[in-house]
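Here's the structure, in structure tokens; my notes come after.
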Amino acid sequence: MPASFITFSSTAKVENKSQPVDLAKPYIVEVNSAKGEKTGQFSGTSMKTDPFLISDELGAGPYAQDKFSAFPDIRMGIGSKITIYRAPDYLVKDGKKKITLRSWAESVGELLSENKIDLGDDDKINFSTDTKLELGMEINIIRVAITNVKKNEPIDYKVIKKEDKTLDQGKTKIQQKGQAGTRVLTYQVRREDGIEISRILIGTEVSVAPIDEIQIIGTKPVITGWCKYNDWVLDASIKNNLDPNRLCRLMRIESNGNPDSIGTHDGTMYYGLFQYTQSFWGKASKKAGYSGADWNDPKAQIYTTAWAVTHDYASAWLGTFK
């Protein structure tokens with residue numbers, strides 16, 4: 001029988017004295033070459049559940065690139081026959097370096113890319129990169145002393161935010177979705193005997209321009225808590241650039257939303273939703289455009305108060321308005 005078809009057999013019992021022997025399961029590992037020919041068989045027991053680790057423990061010498069199958073499923077815990085399908089190996093001569101690569105790649109280009117082997121514009125190779133790989137193929141790369149290598153680099157897109165007074169505060173919508181661009185970087189690479197010595201950036205070019213993302217940010221005031229007369233509160237707040245929730249909170253503290261509320265403090269009488277004195281009400285309502293309005297008019301009090309607290313009169317509420 002030819003050497004490449006010799007069947008190896010392991011009769012030694014695998015035993016881990018630190019673990020109970022009855023937990024180990026019997027396995028047979030059959031090795032098949034990249035041509036599909038059986039090249040070896042190993043047997044023994046193992047407590048492991050990964051086909052790679054089991055094969056390694058039984059001496060089959062698996063490679064990371066190999067493929068495995070098992071029958072019955074290892075997870076059944078009764079032992080299995082594991083078949084190893086050796087990944088094809090290729091000899092790559094890169095300058096003065098010789099490398100054996102194992103891979104399931106289908107073309108020369110895929111093999112080189114998979115192993116991060118770059119080709120410069122002036123480098124020479126004995127096969128084109130789209131050549132289909134064949135067993136036993138030797139790939140020769142001739143490295144030119146100085147060559148150019150191009151790399152693609154993503155360009156981040158910008159995010160532009162625009163405020164929208166008609167969209168509720170806290171809400172955001174995308175008007176235009178951003179898209180990354182691409183920049184081509186050209187390097188001058190110097191190699192000596194196939195070993196890279198230096199890499200200098202000599203040019204950049206935008207091949208695909210990025211597209212800005214446009215986000216619409218809502219700034220329209222929104223009432224999120226307790227309030228009364230919501231429509232008036234919102235309108236008055238918008239006109240005076242005021243958070244309506246602050247106005248609602250002040251209303252609740254001062255009158256609990258009762259426009260006819262009358263209170264006293266240190267002998268002074270206070271009236272309405274926001275507890276004005278008669279003199280302050282007359283002055284503030286006139287400046288706010290509600291001259292002559294009754295103090296128990298809720299609309300007049302809301303619009304007057306929104307104006308007052310944004311025109312240096314917030315102190316009239318002795319720190320209540322925050």
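Read-outs throughout are calculated quantities, based only on the coordinates presented, and are distinct from any laboratory measurement. If you're wondering where the values come from, they're calculated on a predicted model, not measured in any experiment. We place every Cβ from the backbone using ideal geometry, glycine too, and count neighbours over all the protein chains shown.
Here the 3J(HN,Hα) profile of the range 185-197, calculated from phi with Karplus coefficients 6.51, -1.76 and 1.60 at θ = phi - 60°, is 9, 10, 10, 9, 10, 10, 10, 10, 6, x, 9, 6, 9 Hz, Gly and Pro shown as x. Legend: calculated FRET efficiency, Asp121 to Ile160, from the Cβ-Cβ distance at R0 = 51 Å, rounded to 0.05, equals 0.85. Using the rule -39500 (n - 2.57) for each DSSP H run of four or more residues, divided by the residues of the chain, the 222 nm mean residue ellipticity is -5500 deg cm²/dmol. In this structure, Asp231 and Gln169 have a Cβ-Cβ separation that, at R0 = 25 Å, corresponds to a calculated FRET efficiency of about 0.90.
Given a Förster distance of 56 angstrom, what is the FRET efficiency for Gln65 paired with Ile217, based on the Cβ-Cβ distance and rounded to 0.05? So, using R0 = 56 Å, E works out to roughly 0.65.
Candidates Ile216, Ile238, Ile195 compared by Cα position along the dipole of the chain: farthest toward the positive end lies Ile238, with charges placed on Cβ. Residue order for Trp307, Trp104, fewest other beta carbons within 10 angstrom first, comes to Trp104, Trp307.
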